[in-house]
Amino acid sequence: MISTERLEQATAYVLGALEDEDRLAFELALNDSAELQREVAELQEVAGLVALAVRPVAPPAALRERIVSDAKAVRPIAPRLAEAAQQRRDPSPPTPLRAVSGPAAADRWSMTRLLGGLAVAASLVGMIVMQNKFREADARAQALAQAVDQLRAQVGERDAQLGAMIGPQVETIRLSSSGTPPSARMYWNRASRQLVLVTFALPTAPSGRTYQLWGIAKGQQPVSLGTFNTAANGTGQLSIRVPDGLDIATGAVTEEPEGGSPQPTTTPILAGNVGAT
Amino acid sequence: MSRLIAGDERALGELYDRYGGTAYSLACAIVPDNADAEEVVAEAFAQIWRSAASFDPARGNVIAWLTMIVRSRALDLVRSQRRRARALDDAVAFSDETEAPGMSTGSEQADRGVELSEAQVLVRRSLAELPLPQRKVLELAYFAGLSQSEIAEHLNEPLGTVKTRMRAGMEKLRQQLRPLMEMPS
């Protein structure tokens, strides 16, 4: 049975009218209650239908084309699907075999000179080919050395991240939205002040926008911990050093304009309390 | 929706053909500028395109999902542009006249010549039948993006009263709009 207070909060939450200090706590309660999730889902449906009451305004004719062409730029149909469809409609004909004609009869002395010339030419070509191969091998070796250096740097970075994520002094905080993907884990090492955020199933922020991580101490304003974006598969990562003196009680992720904001300007997509998991 | 999730942009075009007008009208009701409304709708459909796989039909219908995304984008834009004060003045003016900014509650004069679907007629009638104090609170939250405490301050009403009216108004709407909802009760 949901309390009256929670029902009022659910209504306000759906309308985006819940106070900031109540919203994070509500979202955590929402995450733990299937009944509350159903209530919120129904209210969201009601709120969505209210849009049907607005005064109709005809959109600009070019808006449709813009939306569809933007979609093509973001996630085009895979070429192999288009090719496969094309092949089904118009399979390419088999390549015909070409007839090979035999050599013409030649003078024996001319043949010797010809063969000798060919051998010299072949040697020269061979030498040029070998020189090119040595140059290619040098270039590959240099590229491999650079790649090794880059990998060493990445391994070093991963080691530092692992250090922040593993150990008895590390707290793991689970950030979630209202019961459905996306989600995230925040690894908070108080001793070293290192914090690693890993997100799952979080769609890439649109052009001109970014995700921003906030650390919130009890009773304080959110403090920005950095911005990040996610890969196409929804995974994202942020590794930072938390400023001294910030005792994080809650972590939250919002979507902000590119470059981030001094304070959150949108409702948190993900939120979680330290010590809740 | 399955075609949308599969990456068929024609499905996105069809979704726009079906709901683009509603989306744009809603955006115009919230942001003060038609050019901004166009940006809001474009961004909303881009978000829908990217996150179509996250739509769960068990949690409601497509129009509700789509309009909530449009509204959220529109309110984010209004907040970031700090034009809330103007929208608020408009909202109060319209509410005093029993009609919300960009909202029709049954008056056919503003929509002369425009055919309304049965769903639109039902939603408008349901809103019109709400007691004015409840409708005011919902309008200020929905179109101006005010928090409960901001609504209380603006209307010079106790916060508890605002919370109760908001809940009661939405509950009445839920009962009235049940025939349009896809979620089982």
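The values are calculated or read from the model by the stated rules, or taken from the named source; none is laboratory data. Quick caveat: nothing in here was measured; it's all calculated off a predicted structure. Neighbour counts run over all protein chains shown; Cβ positions are idealised from the backbone, glycine included. We work out accessible area using only protein heavy atoms, side chains counted, and drop any ligands, DNA or RNA first. Shrake-Rupley method; radii C 1.70, N 1.55, O 1.52, S 1.80 Å.
Pick out the one residue from B:Ala58, B:Ala85, B:Ala91, B:Ala53 that is open to solvent by less than 50 Å² (accessible area, probe 1.4 Å) and either modelled with pLDDT under 80 or facing chain A (nearest Cβ under 10 Å) (or both).
On the way: B:Ala58 fails: open to solvent by less than 50 Å² (accessible area, probe 1.4 Å); B:Ala85 fails: open to solvent by less than 50 Å² (accessible area, probe 1.4 Å); B:Ala53 fails: open to solvent by less than 50 Å² (accessible area, probe 1.4 Å).
On inspection, the qualifying residue turns out to be B:Ala91.
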Where A:Ala84 falls short, out of the listed (1) more than 11 Å from chain B (Cβ to nearest Cβ); (2) modelled with pLDDT under 85; (3) not in a helix (DSSP H, G or I)
(3)
Between a first residue in region A:39-51 that is more than 7 Å from every other protein chain (Cβ to nearest Cβ) and a second residue that is modelled with pLDDT of 90 or more, which pairs have beta carbons less than 8 Å apart while being 6 or more apart in sequence or on different chains?
A:Glu39/A:Leu7; A:Glu39/A:Ala10; A:Val40/A:Ala10; A:Val40/A:Tyr13; A:Val40/A:Val14
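Of all residues in region B:105-143, which are of a type in the set (Gly, Ala, Ser) and either assigned to a helix (DSSP H, G or I) or at pLDDT below 50 (or both)? Walk me through it before giving the result.
Step one: of region B:105-143, the residues of a type in the set (Gly, Ala, Ser) are B:106-107, B:110, B:113, B:117, B:119, B:126, B:128, B:141.
B:Gly106, B:Ser107, B:Ala110, B:Gly113, B:Ala119, B:Ser126, B:Ala128, B:Ala141 - these are the residues of region B:105-143 that are of a type in the set (Gly, Ala, Ser) and either assigned to a helix (DSSP H, G or I) or at pLDDT below 50 (or both).
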Might you check whether a residue that is more than 8 Å from chain A (Cβ to nearest Cβ), buried (at least 18 other Cβ atoms within 10 Å of the Cβ) and under 18 Å from the mean Cα position of the chain (by Cα) occurs anywhere in region B:142-158?
yes
Looking only at region A:59-81, filter to residues that are more than 7 Å from chain B (Cβ to nearest Cβ) and at pLDDT 90 or above; which one of those is surrounded by the most Cβ atoms within 10 Å (Cβ to Cβ)?
A:Glu65
Region B:1-18: number of residues that are more than 9 Å from chain A (Cβ to nearest Cβ) and open to solvent by 30 Å² or more (accessible area, probe 1.4 Å)
7
Here's a check for you: in region A:223-251, which residue that is farther than 18 Å from A:Arg209 by Cβ and surrounded by 18 or more Cβ atoms within 10 Å (Cβ to Cβ) is farthest from the chain's Cα centre (by Cα)?
A:Ile248
Note down all Cβ pairs under 7 Å where the first residue falls in region B:69-80 and is more than 10 Å from every other protein chain (Cβ to nearest Cβ) and crowded, with 24+ Cβ neighbours inside 10 Å, the second is among the small types (Gly, Ala, Ser) and assigned to a helix (DSSP H, G or I), and they're at least six residues apart or on different chains.
B:Ala74/B:Ala27
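Among the strands (runs of 3 or more DSSP E) confined wholly to region A:178-277, which include 3 or more residues that are closer than 25 Å to A:Glu19 by Cβ?
Details: elements: A:183-189, A:194-200, A:209-216, A:223-228, A:236-241, A:250-257, A:270-273.
By residue number, A:183-189, A:209-216, A:223-228, A:250-257, A:270-273.
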Please go through (1) within 20 Å of B:Ile151 (Cβ to Cβ); (2) among the charged types (D, E, K, R); (3) within 7 Å of chain B (Cβ to nearest Cβ) for A:Asp22 and return the number of the only condition it doesn't satisfy.
(3)
